[in-house]
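Below: one structure, written as structure tokens.
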Amino acid sequence: MEDYNKEFKIDIPKKQSALKAEIVSFLNSTDGEIYLGVNDSGTVHYDLINEKKKKWEEVLSNWIVNAFTPGVTSLIYIYPNETPFRIKIFKGKERPYFYKDGEGFNTKGVYVRVGSTKRLASFDEIQRMIRQHNQHDYERLLCHRDDLTFNYIENRFKEKSVPFDKYALSLMDKDGKYNNAALLLSDQNPTISKFAVFQGTTVNVFLDKKEFTGSILKQLDEVLYFANLSNRKKITITGNPERDEYSDIPERALREAIVNCYCHRDWTLSGDIKIEFYDDRVQIFSPGSLPDGLTLENIKMGMVAKRNKIIVDTLDKADVIENYASGVRRIFEDYAGFKKQPEYYISDNGVIVTLFNRNYDVQDDGQNGDQNDVQNDVQKLSPEQRKEKIIELIKSNNKITIDMMSYMINVSKPTIERDISKLKKENKIEYTGSAKDGYWIVKRTN
């Protein structure tokens, strides 16, 4: 039956633009196949195919060379000796594709695939395809600002004893004009990143939410810091001399998934990088699809495409990137043997990576009867250790909520409230301001 990747046609229609539009919809949307000599119900008409296949081959061969823009000779293949007659079409990299109707760009010839049918692309969709086509040049396009500062990234380079040379890093052209890569790495970067922690497995209750601004290096550092704080550990007593500690999310996998956002997202799109923590998973949102038509399987095999070469090279020199091009493989390595493998949802608009909480899954297994290690005692913090942890959390985030402390220390909210009451009586902390806009103060810790 017909579907997103398959179309049946009994013949080349008299109005040939209808079939050209079908071909264009695949070029702009997805790999697909069109079968000639097959009716809508899937019935193959063998006599018609034998009668017309030579004519079809002649017409289609001419179309491949002359009927579409940009060129499609490497994207369309015909198989006249197969039954039914098959046309194989690959999604192109130079979108938008359109069929010719006179000279110049023909917006009426730009089609996309929706389900098992085609439709005219909207103006916004055409604009998005144009941006994606130009995204490899985006870094080098001039940003038309001459007031950029680089305090944050310069300090990082200084810490690493690496010279920060804007020309050598390709952040300026020969005339001293800044490009978009410079803007993104500067202190004036207009994009933001969002971070949220939710109670439970839905978005109903916020425990904490933040927005990060400034250089993408600064945003990346801050996101990684709060992601590490929010990534709880389960400590189990196994009878061995050393206790076992298991982070909810493998630390290396979490870092790789977040770093990949800043290295490979499509900066021509206006969406934000978002990291969302739930009890059972972390979801990481990155605007834009995979670069250069790569698939997840391609990347897992080690294939590489650099969308943001200047940014990647700069972050590499700042010692942010480890073993470039092996990040996705390491993410899956860290989940080896775990029943819930990382999930990747990939579309033209973005990539969503879901990393599952290994400890949450273990709890579920225990509830289902597979006790094993689940029955091992979980080492709880002592009251004094809890209070020390509360002070540590306040020092790292003076606007942290009681709900967030409860989540991160993995104890009930009333327990946290009792500990805070004791810390206040001991004159170690205080809260100043309103419930909405106030903040914590650490007064003394000894």
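Since every read-out is calculated from the coordinates, none of them should be taken as a lab result. Bear in mind that the values here come from a model prediction, so they are computed numbers and not experimental data. Cβ atoms come from the backbone with ideal geometry, glycine included; neighbour counts cover every protein chain shown.
Remarks
- The order of VAL24, VAL112, VAL203, going from fewest to most other C-beta atoms within 10 Å of their C-beta, is VAL203, VAL112, VAL24.
- Using the Cβ of SER17 as centre and a radius below 11 Å, the other residues enclosed give a net charge of +3, where K and R count +1 and D and E count -1.
- Neighbour-count ranking [beta-carbon atoms within 10 angstrom, fewest first] of HIS45, HIS144, HIS264: HIS144, HIS45, HIS264
- For the stretch 41-97, the convex hull drawn through the C-alpha positions has a volume of 93 cubic angstrom per residue.
- Convex hull of Cα atoms in the chain, direction-averaged projection (nm²): 29.8
- Two-site FRET efficiency, SER74 against ASN5, from Cβ-Cβ distance with R₀ of 22 Å, rounded to 0.05: 0.70
- Ascending count of other beta-carbon atoms within 10 Å, so fewest first, for THR213, THR354: THR213, THR354
- Principal semi-axes in Å for the stretch 6-132 [√(5λ), Cα gyration tensor, largest first]: 25, 15, 12
- Helical content of the chain, expressed as a calculated mean residue ellipticity at 222 nm, amounts to -11000 deg cm²/dmol (DSSP H runs of 4 or more residues, -39,500 (n - 2.57) each, divided by residue number, nearest 500).
- Cβ-derived FRET efficiency at R0 56 Å, LEU120 paired with GLU159, nearest 0.05: 0.55
- Look at the dipole of the chain built from charges on Cβ: of LEU171, ALA435, ASN155, the Cα furthest out on the positive end belongs to ALA435.
- Taking a sphere under 9 Å around the Cβ of GLY200 and counting the other residues whose Cβ falls inside, with K and R at +1 and D and E at -1, yields a net charge of -2.
- Dipole check for the chain: with +1 at the C-beta of Lys and Arg, -1 at the C-beta of Asp and Glu, and the Cα centre as origin, the magnitude is about 700 Debye.
- Restricting the calculation to Cα atoms, the stretch 251-300 yields a radius of gyration followed by a Dmax of 11.8, 35 Å.
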